[in-house]
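*Asks:* What follows is a structure written as structure tokens; I'll ask about it next.
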Amino acid sequence: MITEKLLLAQAKLDSVEVKEEENYGCAGSADSQLCSSGRFGTACLSKCYGKSIARIKREYREDIKNQLLVQHVRQQHEENFRLTRREVEDFFATYKDSLPAVP
């Protein structure tokens with residue numbers, strides 16, 4: 001959770017943006033999955049949360065936007081992050097005594 005907050009803060013510092021259609025697309029698909037999964041209907045969802053479906057969508061769109069921002073920052077950092085086999089082997093050789101045994 002702390003990592004997510006730090007990445008979100010970094011996204012805001014770096015002026016990372018999420019396209020509105022990307023946010024609406026994700027929110028819409030999440031809405032559809034919740035309401036059509038068989039376990040929840042829109043009426044049940046509304047009753048459980050004590051809010052209208054429109055209000056639920058509005059409230060969690062911001063969370064989805066934040067998740068997308070974090071995802072974009074991670075992708076940007078992972079693009080520049082490459083490890084060679086030699087680096088992994090060197091790491092293992094250096095720290096093999098402190099790594100737990102895995103059967």
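*Asks:* Has segment 65-88 got any residue that is of a type outside the set (D, E, K, R), open to solvent by less than 60 Å² (accessible area, probe 1.4 Å), in a helix (DSSP H, G or I) and at pLDDT below 80? Walk me through how you get there before you give the answer.
*Replies:* Step one: filter segment 65-88 for residues of a type outside the set (D, E, K, R), giving 66-73, 75-77, 80-81, 83-84, 88.
Within this subset, residues satisfying the condition of being open to solvent by less than 60 Å² (accessible area, probe 1.4 Å) are 66, 68-70, 72-73.
Among the residues that remain, those that are also in a helix (DSSP H, G or I) are: 66, 68-70, 72-73.
Filter once more, so that each one left must be at pLDDT below 80: none.
Within segment 65-88 (the criterion being of a type outside the set (D, E, K, R), open to solvent by less than 60 Å² (accessible area, probe 1.4 Å), in a helix (DSSP H, G or I) and at pLDDT below 80), the answer is no, since none of the residues qualifies.
*Asks:* Select from segment 89-103 the residues that are among the small types (Gly, Ala, Ser) and assigned to a loop (DSSP other than H, G, I, E, B) and list them in ascending order. Write out each step before concluding.
*Replies:* Our first condition is that a residue be among the small types (Gly, Ala, Ser); within segment 89-103, this holds for 93, 98, 101.
Of everything in segment 89-103, those that are among the small types (Gly, Ala, Ser) and assigned to a loop (DSSP other than H, G, I, E, B) turn out to be 98, 101.
*Asks:* Evaluate segment 44-61: report whether one residue or more is outside any loop (DSSP other than H, G, I, E, B), open to solvent by less than 90 Å² (accessible area, probe 1.4 Å), touching a helix residue (DSSP H, G or I) at 6+ places or on another chain (Cβ under 8 Å) and closer than 22 Å to residue 16 by Cα.
*Replies:* Step one: list which residues in segment 44-61 are outside any loop (DSSP other than H, G, I, E, B), which gives 44-49, 53-61.
Applying the additional criterion that residues be open to solvent by less than 90 Å² (accessible area, probe 1.4 Å) yields 44-46, 53-54, 56-57, 59-61.
When the remaining residues are screened for being touching a helix residue (DSSP H, G or I) at 6+ places or on another chain (Cβ under 8 Å), the result is 45-46, 53, 56-57, 60-61.
Adding the requirement that they be closer than 22 Å to residue 16 by Cα leaves 60-61.
Yes, segment 44-61 contains at least one residue that is outside any loop (DSSP other than H, G, I, E, B), open to solvent by less than 90 Å² (accessible area, probe 1.4 Å), touching a helix residue (DSSP H, G or I) at 6+ places or on another chain (Cβ under 8 Å) and closer than 22 Å to residue 16 by Cα.
*Asks:* Out of all the residues in segment 19-60, which are closer than 30 Å to residue 77 by Cβ and at pLDDT 75 or above?
*Replies:* 59, 60
The values are calculated or read from the model by the stated rules, or taken from the named source; none is laboratory data. Computed from a predicted structure; not experimentally measured. Using ideal geometry, Cβ is built from the backbone for each residue, glycine included, and neighbour counts are taken over all protein chains shown. These accessible areas exclude ligands, DNA and RNA; they are computed on the full protein's heavy atoms, side chains included. Shrake-Rupley method; radii C 1.70, N 1.55, O 1.52, S 1.80 Å.
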